[in-house]
Structure formats: structure tokens, C-alpha cells
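The values are calculated or read from the model by the stated rules, or taken from the named source; none is laboratory data. It should be emphasised that the depicted structure is a prediction, and the values quoted were computed from it without experimental measurement. With ideal geometry, Cβ positions are generated from the backbone for all residues, glycine too; neighbour counts draw on all protein chains shown.
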Amino acid sequence: MTQLIEDYALIGDLQTAALVGRNGSIDWLCLPRFDSAACFAALLGDEENGHWRVAPAGAGTCTRRAYRENTLILESLWETRSGTVKVTDFMPQRDEAPDLVRIVEGISGTVSMRSTLRLRFDYGNIVPWMRRTDGHRVAVAGPDAVWLRTEPEERVKTWGQQFSTCSSFDVSEGEKVAFVLTWHPSHEPQPVFIDPYDALEHSVEDWEEWAACCQYDGPYREAVVRSLITLKALTYAPTGGIVAAPTTSLPEEIGGVRNWDYRFCWLRDSTLTLGALVAAGYLGEAAAWRDWLLRAVAGDPADLQIMYGLSGERRLPESELPWLSGYEGSSPVRIGNEAVEQLQLDVYGEVIDSLYLARSAGLTAKPHAWNLQLSLLGFLESTWREPDEGLWEVRGPRRHFVHSKVMTWVAADRAVRTLEEHPTLHGDAARWRAMRDEVHREVCEKGYDPERNTFTQSYGSTELDAATLLIPRVGFLPPDDPRVIGTVDAVRAELAHDGLIRRYSADGTSVDGLPGGEGAFLVCSFWLVDALRLTGRVKESQELFERLLSLRNDVGLLAEEYDPVAGRQLGNFPQAFSHIGLVGSALALEPDDTAG
């Protein structure tokens with residue numbers, strides 16, 4: 001039976017990640033990278049599409065679970081009639097090959113354990129050939145090879161059954177049994193095998209040392225650190241890119257078609273990501289993300305994409321996997337993302353704003369970064385009057401989206417500020433001021449509805465858009481401007497779903513051109529937190545923030561969306577944008593602010 005999205009926890013090694021269910025089953029894992037084909041794909045199909053469960057024989061779900069404090073090491077406790085056992089799941093930061101470690105430890109009594117490993121390469125489509133070599137088991141199919149080791153081997157009985165590898169053993173108080181799954185290219189020699197217990201010790205040290213660098217010490221520190229650890233886990237360490245989520249095709253509506261691949265790096269996240277990392281004290285990660293950004297967007301400004309691969313790859317062709325039924329029947333299952341071809345003018349503003357923020361934060365300036373920004377501005381100057389697909393990647397007709405125009409204003413504004421703050425840089429400040437003023441006038445004239453006192457989603461539209469909540473945050477208008485306050489009130493009144501905020505109206509006839517609906521978009525609700533705080537409604541802001549914290553699952557993770565009616569999370573999981581929003585709002589709600 002399919003588990004709820006929030007029943008999963010995340011483990012990872014900063015190059016890929018796995019989802020572990022409350023029943024002890026790992027139902028999603030792509031090797032060797034986030035965007036590689038999955039070898040466990042039960043999340044989007046069923047057990048026959050690959051999974052690995054380690055649990056007491058005959059047990060359902062664990063009694064309780066938690067991450068070891070300040071780490072990404074998951075500990076699940078099972079209390080049975082015969083005793084209690086703990087399963088520790090983690091992926092150590094790799095030296096060579098990716099490893100997945102599962103350590104079973106007896107806490108009391110004696111518990112009979114069962115492991116069922118069902119490897120299915122190519123997103124659950126290929127059954128590998130399993131053989132025994134040097135006392136271990138290795139599964140091979142095409143380019144993939146996976147080794148399964150147990151320690152101590154003599155304590156575990158292992159056999160093949162229905163194209164799976166099954167193991168059984170008893171564990172008593174104080175005893176431990178470790179499983180290690182290791183991937184490598186099938187044409188290469190077997191990798192060096194790690195010691196699982198040494199790997200656990202080093203992983204604890206690595207994560208605790210990293211978490212200790214967090215400079216935020218406010219009332220929401222636990223939630224902030226957990227979100228920062230999640231963002232770190234979604235970082236592809238070799239390049240510094242941050243994936244939007246480690247999953248594909250988790251639906252925005254159960255049974256619907258809004259199922260997208262999020263295992264890529266979006267430029268739209270760049271400013272908020274940099275802001276969160278810098279504010280929390282993680283300048284190294286911020287610099288790595290900035291450098292990834294510079295490499296990815298280098299080239300002709302006309303070719304700027306909204307997203308890139310982990311290393312800056314540009315081609316992300318979208319296709320469907322018909323052998324997977326989809327999460328709870330939500331099909332199609334997609335890999336790749338066709339939205340990469342869209343024109344989204346807001347990303348130019350987001351890139352320029354990110355580089356302005358990086359310079360202001362004291363990150364070492366890159367010699368070519370300013371010339372790149374001037375090139376982007378030059379292209380935007382000649383293009384900003386065109387319609388585009390907008391922030392939300394709608395698959396309907398292009399429109400003049402207000403958020404896209406506001407971010408055009410941001411691009412020109414940050415260029416002017418940079419020249420004012422760094423007079424040695426070359427550039428035409430008067431030209432960018434004129435552009436900034438023209439954009440501002442047009443947005444206020446064509447993107448604002450004076451009768452309803454609100455900015456709209458696009459020129460001439462009556463629809464609203466949660467992205468307009470960012471208007472005071474980016475400085476387009478001051479928070480006390482009546483148009484800002486009116487927009488905040490209108491979004492709350494028309495886009496709220498049980499107090500949580502949808503991106504826009506998605507009723508099957510709206511701008512996105514897709515059937516069906518979706519849940520409340522969590523980052524939009526965090527934007528409302530920020531907008532309420534900026535407009536002086538601090539108590540309401542704090543109340544909404546604490547409600548959003550309550551929507552996290554038992555290990556502190558958030559998906560992309562939430563369904564207030566069904567009371568469950570929706571969309572790809574965990575979602576970087578949601579956790580970036582959480583960190584940003586928590587840092588903004590300083591203790592002295594919350595008294596108002």
C-alpha cells in the first residue's frame with residue numbers, strides 16, 4: 001500500500017538522496033546522482049518497481065523515528081512483543097562510490113528481523129542479474145552494478161526469492177547487524193568497501209560540525225537548522241547546484257496530471273536561497289551556489305534558461321514512463337522537464353538580484369560577473385515588453401505577468417545600486433534608471449486594479465497571483481503603500497485555502513492551461529508571513545508561521561504543497577523552495593518583533 005508523502009524521511013550524501021518510509025522501506029533512490037535513473041521506484045509504482053525494506057518480521061510501521069540531532073542520520077525505533085530494535089539509515093558523504101548503510105541494533109529482548117531487497121534499474125523497468133562474489137552479492141544490469149554486504153555475514157541468512165534478495169536474522173540487546181549497499185559502473189572494478197560503523201561516526205561528526213555553523217539562535221532554531229540541513233542535502237556537492245527536490249512526479253493533485261520532474265536547479269530559487277544561506281552564516285555554500293549560477297548562465301543572454309542540470313546541463317528533454325502507474329495512480333510519470341524551453345523574464349531579475357546580494361554579503365567578486373550582468377540587462381532592456389510564461393511555468397498562452405515585470409524592475413534597480421555603491425565599475429546608471437522608472441510606471445498603470453486595490457496576475461486580468469506578495473520584499477513599493485496593503489488583503493481573501501495560500505486560481509479554466517487543481521503552495525504561505533510582518537501585522541504573521549511549522553512531518557520536512565481538506569502534503573518532497581521560505585520567515589521574525 002502506498003504511503004503518504006509525509007510518511008517519508010530523507011537521507012543523502014550530497015550527490016543523491018533516498019526516501020525512507022515509516023514502514024522501513026526505501027521506496028526512492030537514484031544512483032549515482034539525483035537525476036540518474038532510480039533503482040528503487042516503488043514510490044511511483046509498486047513494490048515490483050524496486051524497494052528495500054528492513055523491519056521486524058510481520059511489523060507494520062515503526063513506533064517512532066527521528067533524525068539524530070543536527071544530522072541527516074535517521075533512527076527508527078520498533079517496539080515489538082519480543083523486544084525493541086533500532087534501525088539507523090544514512091548515506092555517508094562519498095569518497096568514491098555512493099553507499100547506503102542500514103544498521104540494526106537490539107535495544108531490548110530479541111527481535112526477528114527481515115530484509116527484502118528488490119533492485120530494479122531504469123526506474124523500476126529492468127530486473128538485474130544477481131550473483132554471489134567473494135562472499136557478497138552483486139546485481140548487474142547494463143551500466144549499473146550494486147553490491148550488497150552484511151556485517152557480520154555469518155549472522156544473516158540470505159536467499160533469492162521472486163527476483164528479490166531476502167535476509168532474516170535475530171538481534172538481541174546490544175547486538176548490531178549492518179547492511180551496506182554500494183553502487184558503481186558495471187564496467188569498473190568493485191569499489192573499496194567502507195566500514196559501516198566508521199562511516200556512521202564520521203557522518204555524525206560531519207553533520208554536527210556543519211550544523212554548528214548556523215548563526216541563527218532565535219526561537220525557531222530547531223526548525224531552521226532542520227531546514228538548512230535539508231537544503232544542504234539537496235546540494236550537489238561537486239558543483240554547488242541545489243535541486244528543487246530529489247523526486248519526480250509526486251502529484252500536486254492526487255490522481256491529477258500536474259506531475260513534474262524537480263531534480264534540477266531553478267534560477268527562480270537563486271535569490272531566496274542565497275539570502276537564506278548568507279543570513280544563516282553559510283557563506284561557503286552561498287559562494288558555491290553563486291559560482292554554479294555564474295557557470296550555468298554564461299553565454300548568450302538570449303539563451304538564458306529557467307533551470308539547468310546539476311552541472312549546468314541545458315538539455316533536459318521531457319518524456320513519460322508508461323510502466324509506472326504513478327503515485328496513488330497519478331499519471332503520467334515524467335522525467336526531464338519541458339518547461340526548460342519557456343521564456344520567463346523574471347529569471348533575469350533573479351540572477352542580477354542574486355549577484356547583487358552576493359556582492360553585498362561580502363562574497364569575493366568574480367571578474368566576469370559584472371560584465372555578465374550588463375549583458376543580461378542589455379537583453380532584458382530589449383525584451384521586457386514581451387509576454388512570457390511567468391514564474392509558475394504555465395503551459396497556457398504567454399501573458400504580461402506582473403511578477404515578471406516587477407523582477408525586470410529589480411534587475412534595473414540592482415544595477416543602479418551596484419553602480420552607486422561601486423563607482424569604479426563601468427555602466428550607464430542613467431540608462432538603467434530610465435528603464436527602472438518606465439517599468440515601474442507601466443506595472444502601476446497596467447498591472448494594478450484600482451477598483452479592488454490590488455495588483456493582478458497579469459495585465460488586464462482579474463486573476464490574482466501570490467507572487468505579488470513579494471512586491472514590498474523586493475522594494476518595488478514600500479510596505480505601507482496602500483496598494484501593497486490592498487494586495488496582501490486581496491490575496492488573503494481570494495487565494496486562501498483554509499488560511500493557506502494557493503499560487504493562483506487553478507480550477508481547470510485558469511491561466512495554466514491544465515485540467516484539475518492543486519493544493520496550497522507552501523512557499524506562498526511563507527511569503528504571506530513576510531508580507532504580514534512587513535505591513536505591521538506581526539502577531540498574525542507569527543501565528544501563520546507557527547501554523548506552517550505544524551504542517552511539517554514528524555521529522556521536520558515539507559513538500560511543495562499542502563491539501564487543507566485532506567490534511568496531507570502534496571507535490572515533490574522534500575521541496576527546497578518550502579524550506580527556503582521557512583528559513584527566510586524565521587530569520588525575519590526576530591524575538592523583539594514577535595511581541596507586537
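Exactly one residue out of Gly508, Gly556, Gly536 is more than 27 Å from Lys232 (Cα to Cα), modelled with pLDDT of 95 or more, part of a loop (DSSP other than H, G, I, E, B) and assigned by TED's automatic domain parsing to the domain that holds Glu253, and it is Gly536. Of all residues in region 230-239, those satisfying the criterion of being crowded, with 22+ Cβ neighbours inside 10 Å and among the β-branched types (Val, Ile, Thr) are Thr230, Thr235. When Pro397, Pro367 are screened for being on the phi < 0 side of the Ramachandran plot and either free of Cβ contacts under 8 Å to residues at least 24 places away in the same chain or not assigned by TED's automatic domain parsing to the domain that holds Val243 (or both), only Pro367 passes.
Please verify whether Glu253 is out of contact with any helix residue (DSSP H, G or I) (no Cβ under 6 Å at 6 or more places or on another chain) and either modelled with pLDDT under 95 or in a loop (DSSP other than H, G, I, E, B) (or both), treating the condition exactly as stated. When the stated conditions are applied, Glu253 passes them. Residues in region 114-135 that are modelled with pLDDT of 95 or more and either of a type in the set (Phe, Trp, Tyr) or more than 33 Å from the chain's Cα centre (by Cα) (or both): 2 in all.
The rows are residues; the columns are (1) among the β-branched types (Val, Ile, Thr); (2) surrounded by fewer than 20 Cβ atoms within 10 Å (Cβ to Cβ); (3) modelled with pLDDT of 95 or more; (4) in the same structural domain as Ala520 (by TED's automatic domain parsing).
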site	(1), (2), (3), (4)
Ala430	no, yes, yes, yes
Val439	yes, no, yes, yes
Val443	yes, no, yes, yes
Pro450	no, yes, yes, yes
Asn453	no, yes, yes, yes
Gln457	no, no, yes, yes
Thr468	yes, no, yes, yes
Val484	yes, no, yes, yes
Thr487	yes, no, yes, yes
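Inside region 442-486, can you point out the residues that are farther than 15 Å from Phe401 by Cα, out of contact with any Gly (no Cβ under 6 Å at 6 or more places or on another chain) and free of Cβ contacts under 8 Å to residues at least 40 places away in the same chain? Listed by number, the residues that qualify are Pro450, Glu451, Arg452, Leu477, Pro478, Asp481, Pro482, Arg483, Gly486. Being within 18 Å of Arg290 (Cβ to Cβ), among the polar types (S, T, N, Q) and assigned to a loop (DSSP other than H, G, I, E, B) is a description that does not apply to Thr424.
Among residues of region 104-117 that are free of Cβ contacts under 8 Å to residues at least 60 places away in the same chain, those with a beta-carbon under 6 Å from a residue that is in a strand (DSSP E or B) at least six positions away or on a different chain give the pairs Ser112/Asp170. When each of Glu188, Glu173, Glu105 is tested for being more than 30 Å from the chain's Cα centre (by Cα), of a type in the set (Asp, Glu) and surrounded by fewer than 14 Cβ atoms within 10 Å (Cβ to Cβ), the lone residue that passes is Glu188. Residues considered: Arg436, Arg395. Of these, the only one that is outside any helix (DSSP H, G or I) and under 19 Å from Gln344 (Cα atoms) is Arg395. Can you find a residue in region 144-156 that is touching a helix residue (DSSP H, G or I) at 6+ places or on another chain (Cβ under 8 Å), within 30 Å of Ser330 (Cα to Cα) and surrounded by fewer than 22 Cβ atoms within 10 Å (Cβ to Cβ)? Yes: region 144-156 contains one or more residues that are touching a helix residue (DSSP H, G or I) at 6+ places or on another chain (Cβ under 8 Å), within 30 Å of Ser330 (Cα to Cα) and surrounded by fewer than 22 Cβ atoms within 10 Å (Cβ to Cβ). With the requirement that a residue be within 13 Å of Ala9 (Cα to Cα) and hydrophobic (A, V, I, L, M, F, W, C), what does region 40-86 give you? Answer for region 40-86, where residues must be within 13 Å of Ala9 (Cα to Cα) and hydrophobic (A, V, I, L, M, F, W, C): Leu43, Cys62, Ala66, Leu72, Ile73, Leu74.
When we screen Arg33, Arg65, Arg53, Arg81 for residues that are more than 24 Å from Thr182 (Cα to Cα) and in contact (Cβ under 8 Å) with a residue 24 or more places away in the chain, the only hit is Arg65.
Of the strands (runs of 3 or more DSSP E) that lie entirely inside region 1-112, not one contains 3 or more residues that are at positive phi. For Phe34, the test of being in contact with a Lys or Arg (Cβ under 6 Å, 6 or more places away or on another chain) and within 25 Å of Ile126 (Cα to Cα) is passed. For Met407, the conditions (1) without any contact (Cβ under 8 Å) to a residue 40 or more places away in the chain; (2) surrounded by 23 or more Cβ atoms within 10 Å (Cβ to Cβ); (3) not hydroxyl-bearing (Ser, Thr, Tyr) all hold with the exception of (1).
The residues of region 449-462 that are under 21 Å from Leu345 (Cα atoms) and out of contact with any Ser or Thr (no Cβ under 7 Å at 6 or more places or on another chain), listed by number, are Gln457, Ser458, Tyr459, Gly460, Ser461. Of the set (1) under 25 Å from Leu43 (Cβ atoms); (2) surrounded by fewer than 21 Cβ atoms within 10 Å (Cβ to Cβ); (3) free of Cβ contacts under 8 Å to residues at least 60 places away in the same chain, all apply to Asp122 but (3).
The C-beta contact set for region 511-523 (first residue at pLDDT 85 or above, second residue in a strand (DSSP E or B) and of a type in the set (Ser, Thr, Tyr), distance under 7 angstrom, 6+ apart or interchain) comprises Gly519/Tyr562; Ala520/Tyr562; Leu522/Tyr562.
Across region 250-259, the number of residues qualifying as surrounded by fewer than 24 Cβ atoms within 10 Å (Cβ to Cβ) and under 16 Å from the mean Cα position of the chain (by Cα) comes to 1.
Of all the numbered requirements in (1) surrounded by fewer than 23 Cβ atoms within 10 Å (Cβ to Cβ); (2) under 18 Å from Met91 (Cα atoms); (3) touching a residue at least 60 places away in the same chain (Cβ under 8 Å); (4) not basic (Lys, Arg), Glu205 misses one, and that requirement is (3). Does Glu328 satisfy the criteria of being under 24 Å from Arg295 (Cα atoms), out of contact with any strand residue (DSSP E or B) (no Cβ under 6 Å at 6 or more places or on another chain) and surrounded by fewer than 19 Cβ atoms within 10 Å (Cβ to Cβ)? Criteria not met by Glu328. Looking at region 138-219, the strands (runs of 3 or more DSSP E) lying wholly inside it that each contain 2 or more residues that are modelled with pLDDT of 95 or more and in contact with a Pro (Cβ under 9 Å, 6 or more places away or on another chain) sit at 144-151, 176-185.
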